[in-house]
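Before any comments, here is the structure.
The values are calculated or read from the model by the stated rules, or taken from the named source; none is laboratory data. All values reported here derive from a predicted model rather than from experimental measurement. Quick reminder, even Gly has a Cβ in these numbers, built from the backbone with ideal geometry, and neighbours come from all protein chains shown. The accessibility values were calculated without ligands, DNA or RNA, using every heavy atom of the protein model including side chains. Shrake-Rupley method; radii C 1.70, N 1.55, O 1.52, S 1.80 Å.
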Amino acid sequence: IAAGLMEHALHQKRLAKIPIRILVNGTRGKTSVSKILVAALNQNGVRTVGRTTGSEASMIMPDGTIVPIQRRSYARITEMLPFVRRCSEENLACIVVECMALGAENQHVFSDVLLKPTHIAITNSYVDHMVEIGATEEETVWTLSRCLHRGSEVFCAEDAYAGYCEQAGSTFHRVVVRDYESGKIES
């Protein structure tokens, strides 16, 4: 127990060394959005490292180099501990992390304990991973909303998160999406 408490305290100190921590969540598009954010931030002088998950987990370094993450076993959310340790030593302004948590409890722990995001981008809430996330859009939104962290700025095109943001103490920003073929503006 003592070792766990010490590791938690060290992890929180390491997180505090990284002023901007962006969590990218949703059911589809997380990897692409994470890569775009890392490239855009670095291009604009914000020294950033990214982390993507899935079958090809990797780190995206400030120079654009992709470093594969070697796993000894199955993926687990505690992979954030060595990632944050490494990033806290790099004098970064920002990290962009693709959410790897599926279930509601893991969403909460990933966000509130392991990352404490200052910003959250939710790509979408399509029904996917039905067993872990939910069989309906409402269940999916509820599960994904467990990642909301007090004080974070949340960017999403779906109004369904506004009430959850208020409950969590986050600030909701509705992103406007334009369909360029039709010229139609959507939520």
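Brief remarks follow.
- With respect to the stated conditions, K30 is touching a residue at least 24 places away in the same chain (Cβ under 8 Å) and farther than 12 Å from C94 by Cβ.
- Region 111-124 - residue that is out of contact with any Gly (no Cβ under 7 Å at 6 or more places or on another chain) and assigned to a loop (DSSP other than H, G, I, E, B) and, of those, least open to solvent (accessible area, probe 1.4 Å): P117
- Any hit, region 141-153, residues being open to solvent by 30 Å² or more (accessible area, probe 1.4 Å), charged (D, E, K, R) and over 16 Å from the mean Cα position of the chain (by Cα): no
- Cβ-Cβ under 8 Å pairs, at least 6 apart or on other chains, region 1-24 side farther than 20 Å from L92 by Cα, far side aliphatic (A, V, I, L, M): E7/L81; H8/V113
- Residue list for region 82-108, restricted to those being open to solvent by 40 Å² or more (accessible area, probe 1.4 Å) and either touching a helix residue (DSSP H, G or I) at 6+ places or on another chain (Cβ under 8 Å) or under 22 Å from G29 (Cα atoms) (or both): R85, L102, E105, N106, H108
- The residues on offer are E90, E138, E105, and the sole one that is over 14 Å from the mean Cα position of the chain (by Cα) and within 20 Å of G169 (Cβ to Cβ) is E105.
- Residue ID - farthest from L102 (Cα to Cα), chosen from residues in region 15-44 that are open to solvent by less than 50 Å² (accessible area, probe 1.4 Å) and among the charged types (D, E, K, R): R21
- Applying the condition of being β-branched (V, I, T) and within 30 Å of Q43 (Cβ to Cβ) to region 68-115 and asking which residue is modelled with the lowest pLDDT yields I77.
- Leading residue by the ranking (farthest from G29 (Cα to Cα)) among those in region 125-136 that are modelled with pLDDT under 80 and open to solvent by 20 Å² or more (accessible area, probe 1.4 Å): V131
- Test: residue in region 4-11 that is over 18 Å from L114 (Cα atoms), modelled with pLDDT under 95 and open to solvent by 60 Å² or more (accessible area, probe 1.4 Å): no
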